[in-house]
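The values are calculated or read from the model by the stated rules, or taken from the named source; none is laboratory data. Values in this document were obtained by computation on a predicted structure and should not be read as measured data. Here Cβ is always computed from backbone atoms with ideal geometry, including for glycine, and neighbour counts include all displayed protein chains. SASA here: full protein model, heavy atoms, side chains in, ligands and nucleic acids out. Shrake-Rupley method; radii C 1.70, N 1.55, O 1.52, S 1.80 Å.
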Amino acid sequence: MASIPNRAFRRALISLNGLGSPLSDDPLPSPTTTSSAEWVDGMVRRLGFVQVDAVSAVERAQHQILFSRNRRYLQEWLDDRIEVARTLFENWTHDAAILPSDVYPYWRHFFERFRRYEAHPGYKRYFSGVSRSDLDRVLRRIRREGPLKPRDFDPEKVRFVGIDPEAAGFPVPTVAKVAMEWLWRTGKLAVTRRDKREKVYDLAERVVPEEHRERRVSRAEYTEWACRQALRRLGAATPAQIARFFHAVSTEQATRWCERVLGKDVARVRVQLADRGSTTAPVYAMTEDLDRLAAAPAAPRRLRLLNPFDPLIHDRQRTERLFGFDYALEIFVPAKKRKWGYYVLPILEGERFTGRVDVKADRKAGTLNVIALYWEPGIVETARRQEQLERELGRLAKFCGVTRS
């Protein structure tokens, strides 16, 4: 059974995630330009999807994720691809996400999976707060009037049973908002644009390009696509990790797929862990990728600040085992109980995480403020490292439209 050294695999993950040079004969799509909105299409295809998050302590997650991979990136590039070119669309994976429009035929099966609450069973009580007549009323108005957002409807609040959003710190949503979310997540509606943070919805047939909307793929093709695309981007993974990548299939479905193609397209491998004294239990990798993974190019040595929702660190447990970096997002942790801070950005240098920095953009004052800085054990805060960090913070501040304090 093949074994992949830890350092090589970390380099491979950085490459697969668009943060380094592509692997030899890289099978994943890559951007063909670095200086236009078209770059966004190639990077989103490479990553599989980009997570969307509304927290603006620094910059929206989707924008910072892309900026981390291209210093020339501008926020309007992503808006152009979603709202004008329609080469990307917004929907849901494990959370709100932006995906390539050409995967829409596969996402029809995701809509059905969501409709049955297979991917996210916890939402059943949340969406039970709207009725069929609520959904029909929303659809009728949008069909007649065009794109609308939740605040364009009656402000009636949802009456939940067994759920108290306010106790968890969330406002009680309106019936229209929950109805529109359901119709969006099940494919009847699509996000045509955003009005600041608020989604503006229209009928899917008026947003998604016809060539993608009309194409059909079978359930078997969908499962094959979801497993293969996830594994290719993960490099080597367990069936559970494959399933969690898009949240498009179950662990059981991913297991059956791996076993079905084992010895053909897929092989079992071991990956050395960050402590270098142990390896993973046997995991799966694409057979044709084994040599690429073991011979990944060195990662760029420059210091970079990653967003908390960056795909490289999405699986926190996997990040700790492979990179030796224990990272947690603490925005929902009470301030007195936080270990690191509210919005802490991991610091990546080469193929290792060397620290984390808690930052906040004060848009009223027009500054980017560093609240706390933590270097990992064994990392020395040299003058060169501090200079690199200051330069990166300066670039991030400019990207956020503020200055470095």
Does ALA179 satisfy being in a helix (DSSP H, G or I), without any contact (Cβ under 8 Å) to a residue 24 or more places away in the chain, surrounded by 16 or more Cβ atoms within 10 Å (Cβ to Cβ) and touching a helix residue (DSSP H, G or I) at 6+ places or on another chain (Cβ under 7 Å)? no
Taking the condition of being in a helix (DSSP H, G or I) and surrounded by fewer than 24 Cβ atoms within 10 Å (Cβ to Cβ), how many residues in the range 235-255 meet it? 9
Test GLY355 against the stated conditions and say whether it is assigned to a loop (DSSP other than H, G, I, E, B), open to solvent by less than 20 Å² (accessible area, probe 1.4 Å) and free of Cβ contacts under 8 Å to residues at least 60 places away in the same chain. no
Consider SER21 carefully, then state whether it is surrounded by fewer than 20 Cβ atoms within 10 Å (Cβ to Cβ), among the small types (Gly, Ala, Ser) and within 26 Å of TYR106 (Cβ to Cβ). no
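If we scan the range 58-69, do we find a residue that is among the basic types (Lys, Arg), out of contact with any His (no Cβ under 9 Å at 6 or more places or on another chain) and open to solvent by 10 Å² or more (accessible area, probe 1.4 Å)?
yes
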Might you let me know whether the range 118-132 holds any residue that is among the polar types (S, T, N, Q) and either open to solvent by less than 20 Å² (accessible area, probe 1.4 Å) or part of a helix (DSSP H, G or I) (or both)? no
Out of ALA37, ALA12, ALA97, I need the residue that is touching a residue at least 24 places away in the same chain (Cβ under 8 Å), buried (at least 18 other Cβ atoms within 10 Å of the Cβ) and under 15 Å from the mean Cα position of the chain (by Cα). Which one? ALA97
Pick from PRO29, PRO5: which is within 30 Å of ARG268 (Cβ to Cβ) and without any contact (Cβ under 8 Å) to a residue 24 or more places away in the chain? PRO29
Within the range 273-308, track down each residue that is at pLDDT below 95, touching a strand residue (DSSP E or B) at 6+ places or on another chain (Cβ under 7 Å) and over 29 Å from LEU66 (Cα atoms). THR279, THR280, PRO282
Considering every residue within the range 224-231, establish whether at least one is over 19 Å from the mean Cα position of the chain (by Cα) and either crowded, with 16+ Cβ neighbours inside 10 Å or without any contact (Cβ under 8 Å) to a residue 12 or more places away in the chain (or both). yes
